[in-house]
Amino acid sequence: MKIYMVSACLLGLSTRYDGKSKKNAKVVELCKENICIPFCPEQLGGLSTPRPPCYFVGGEGRDVLAGRAKIVEKESGQDRTMNFLKGAEESLLIAKLTRPDAIILKDGSPSCGVNRIDLKGKKTEGCGVTCALLKKEGYRVKSYG
Ligand code: SF4
């Protein structure tokens, strides 16, 4: 039996910006045989659910960690970078406490994206802020969705 941290929305929790989930049958199945720890970096970072959608400006997750890019609300332009950084740090703390074999993340999200993100309204290669931090700290990350 393995331990996985999993983006909460993939397990059917309604944590997404639109108040919905993104349940993935394969991930749910995986959790029947293993220990899965659901987490949502954006909720951990203090954002509400539902919440306004956000996108990257100036780079992707690694650039946000390096202070070269930010994350803003699409409609209002309000800077939410601090919430995303806090969510990443809290997620890292969960990883340190639970020592997962791997972390399963929902692709495309500004927090959880592994291969793609939304850069100023355009789908682009890159990873989210939480994914970037977890990878930097040496955790094994897999993408779903
Ligand atoms: S931050 Fe991650 S876990 Fe939370 S809703 Fe977005 S993709 Fe799902």
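The values are calculated or read from the model by the stated rules, or taken from the named source; none is laboratory data. A quick note: this is a predicted structure, and the numbers were derived from the prediction, not measured. Here the Cβ is made from the backbone with ideal geometry for all residues, glycine too, and neighbour counts use every protein chain on show. Heads up: the accessible areas ignore ligands, DNA and RNA and are worked out on the full protein's heavy atoms, side chains in. Shrake-Rupley method; radii C 1.70, N 1.55, O 1.52, S 1.80 Å.
For residues that are in contact with a Phe, Trp or Tyr (Cβ under 8 Å, 6 or more places away or on another chain) and open to solvent by 60 Å² or more (accessible area, probe 1.4 Å), scanning just segment 66-89, find the one that is farthest from Gly126 (Cα to Cα).
Here the answer is Lys74.
Sort out which residues of segment 116-139 are in contact with a helix residue (DSSP H, G or I) (Cβ under 9 Å, 6 or more places away or on another chain), assigned to a loop (DSSP other than H, G, I, E, B), more than 9 Å from the ligand (Cβ to nearest atom) and not acidic (Asp, Glu), and write them in order of number.
Result: Gly126, Cys127, Tyr139.
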Please find, within segment 57-111, the residue that is farthest from Lys22 (Cα to Cα) out of those that are in contact (Cβ under 8 Å) with a residue 60 or more places away in the chain and hydroxyl-bearing (Ser, Thr, Tyr). Thr98
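Could you look through segment 1-21, keep only residues that are among the aliphatic types (A, V, I, L, M) and open to solvent by 30 Å² or more (accessible area, probe 1.4 Å), and pick out the one that is farthest from the ligand (Cβ to nearest atom)?
To start, the set of residues in segment 1-21 that are among the aliphatic types (A, V, I, L, M) comprises 1, 3, 5-6, 8, 10-11, 13.
Checking which are open to solvent by 30 Å² or more (accessible area, probe 1.4 Å) leaves us with 1, 3, 11, 13.
Details: Met1: 23, Ile3: 17, Leu11: 9, Leu13: 8 Å.
Once the filter is applied, the top-ranked residue is Met1.
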One residue is enough: does segment 30-44 have a residue meeting the conditions within 13 Å of Leu133 (Cβ to Cβ), within 12 Å of the ligand (Cβ to nearest atom) and open to solvent by 40 Å² or more (accessible area, probe 1.4 Å)? yes
